[in-house]
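The values are calculated or read from the model by the stated rules, or taken from the named source; none is laboratory data. Everything numeric here is computed off the predicted structure, so don't read it as measured data. Cβ placement follows ideal geometry from the backbone for every residue including glycine, while neighbour counts extend to all protein chains displayed. Just so you know, the surface numbers come from the protein's heavy atoms only, side chains and all, with ligands and any DNA or RNA stripped out. Shrake-Rupley method; radii C 1.70, N 1.55, O 1.52, S 1.80 Å.
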Amino acid sequence: MDYQQLIERLYQETKPLAAQGKVASYIPALAEVPASRFAISLITRKQEKFQTGDHQMPFSIQSISKVFTFILAYKNLGAAIWDRIGREPSGTAFNSLIQLEHEQGIPRNPFINAGAIVVADIILSICKNPKQTLLDFVRTLAGDQAITFDKQVALSEKTTGHRNYALAHFMKGFGNIINPVDEVLDLYFHQCALAMNADQLASSFLFLANEGTNPFDQQEVLNPSRAKRLKALMLTSGLYNESGDFAFRVGLPAKSGVGGGIVAVIPKQLSIAIWSPPLNAMGNSIAGIEALERFTTYSGQSIF
Ligand code: GLU
């Protein structure tokens, strides 16, 4: 398969579709990102790289970070994590409060905001220096020590994060947040503010194409069974309340963020990251989804 030719084709065909979306505007740092940015970065299990567009330009990974924090918590707690978080698609918006009332403060899955906030609470309970632990973990996964938090984004997340405060306090009312809400959200806002480029993102998910083992240092990140479960969660809940449609159109486990990034994995083969900031109404990159749909269509590869 000539992946370079394929991603150049995707670039040409899908970049114009970004004009149909809107760049996230709830914080200045996201609102100011040019809508025309577009990157595709693909890395195979054998570490062959295929890249095009703005693939070296860092952007705010936002909800994609929920996968990294989930892994840290899951590695530590194992199956006990399911006492505090569900594993069903939510069908509601990523920052919705509605289900939490019905479900007694237990979030539907780790990839909606409420679930990620519980995960942040778990990490706070198990790590002395949670932000540094997260940073070290992501750097190791990506095989790149240059990754950092964008402090400006973290601060803006805090000043505009009213719904996240509401979610955290609400869950604390149900006893599902142990640590002080300010500390839990400080970690959550920093994880959303991780700045990575498409190359780093594709590399950091490559372990999921390698049955849970980081191909850069041969260390096991998750055992094959847990890696399988994580991919199942990404397939069913990785794109907010558009996860079903994405599975239908693309057929790959993936995770998106409101910064316009989407990263997807073909087990045993490759990881691919796309960045195009304009979003659809669900908060997912319009051109990113289209590029991934055409990627699986043209290559004939998907998990189905
Ligand atoms: N940081 C934003 C929030 O917590 C959005 C994260 C995302 O969904 O990408 O509301």
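What FRET efficiency, computed as 1/(1 + (r/R0)^6) with R0 = 35 Å and r the Cβ-Cβ distance, is obtained for residue 218 and residue 9, rounded to the nearest 0.05?
0.55
Would you list 102, 55 from the most to the least accessible area, probe 1.4 Å?
The most accessible residue leads, giving 102, 55.
Can you give me the C-alpha center-to-center distance between the stretch 16-94 and the stretch 143-196, rounded to a whole angstrom?
15 Å
What's the center-to-center distance, using Cα atoms, between the stretch 208-253 and the stretch 269-293 in Å?
16 Å
If I compute solvent accessible area with a 1.4 Å probe over the protein chains, what percent of it on the stretch 1-143 is carbon and sulfur?
Of all accessible area on the stretch 1-143, carbon and sulfur atoms account for 49 percent.
Using a probe radius of 1.4 Å on heavy atoms only, what accessible surface per residue do you get for the chain? Whole Å² is fine.
Using a 1.4 Å probe on heavy atoms only, each residue of the chain averages 40 Å².
What's the ranking of 203-212, 14-23 by average number of surrounding C-beta atoms within 10 Å, highest first?
203-212, 14-23
When only C-alpha pairs under 8 Å and at least 6 residues apart count, what is the relative contact order of the chain, in percent?
Worked out over the chain, it gives 28 percent.
Report the local net charge at residue 78: Lys and Arg +1, Asp and Glu -1, summed over other residues whose C-beta lies under 15 Å from its C-beta.
So the environment of residue 78 carries a net charge of +4.
With no solvent and one equal point scatterer per Cα, compute the Debye intensity ratio I(q)/I(0) for the stretch 14-142 at 0.22 Å⁻¹ and report its log10, rounded to two decimals.
-1.25
Within straight cross-link reach of residue 158, meaning Cα distance under 21 Å, which lysines are found once same-chain residues fewer than 8 apart are removed?
Leaving aside lysines fewer than 8 places away in the same chain, those within reach of residue 158 are 66, 131, 172.
Could you run the Debye sum over the Cα atoms of the stretch 100-255, one equal point scatterer each and no solvent, and tell me log10 of I(q)/I(0) at q = 0.10, 0.11, 0.21 Å⁻¹, two decimals?
Each listed q corresponds, in turn, to -0.40, -0.48, -1.49.
Hey, got the dipole for the chain? About the Cα centre, +1 on K and R Cβ, -1 on D and E Cβ, debye to the nearest 20?
About 340 debye.
Taking amide hydrogens as modeled 1.01 Å from N in the peptide plane, which residues meet the under 5 Å criterion relative to residue 194, leaving out close sequence neighbours?
Correct list: 61, 62, 150.
Above 21 angstrom, tally the Cα pairs of the stretch 1-70 and express them as a % of all pairs, no decimals.
Summing the P(r) tail past 21 Å for the stretch 1-70 gives 40 percent.
Taking residue 49 as the anchor, which lysines have their alpha carbon closer than 23 Å to its alpha carbon, excluding any fewer than eight residues away along the same chain?
15, 231, 255, 268
How do 243-250, 111-118 rank on mean C-beta neighbours within 10 Å, highest first?
My ranking of the peptides, most packed first, is 111-118, 243-250.
If I histogram all Cα-Cα distances within the stretch 255-304 using bins 10 Å wide from 0, what percent of pairs lands in each bin?
27, 52, 21, 0
Using the C-alpha gyration tensor of the chain, what are the square roots of 5 times its eigenvalues, in whole angstrom, with the largest one first?
28, 21, 18
Could you give the length gained on full extension between residue 301 and residue 166, defined as 0.36 nm per residue of separation minus the Cα-Cα distance, in nm?
44.4 nm
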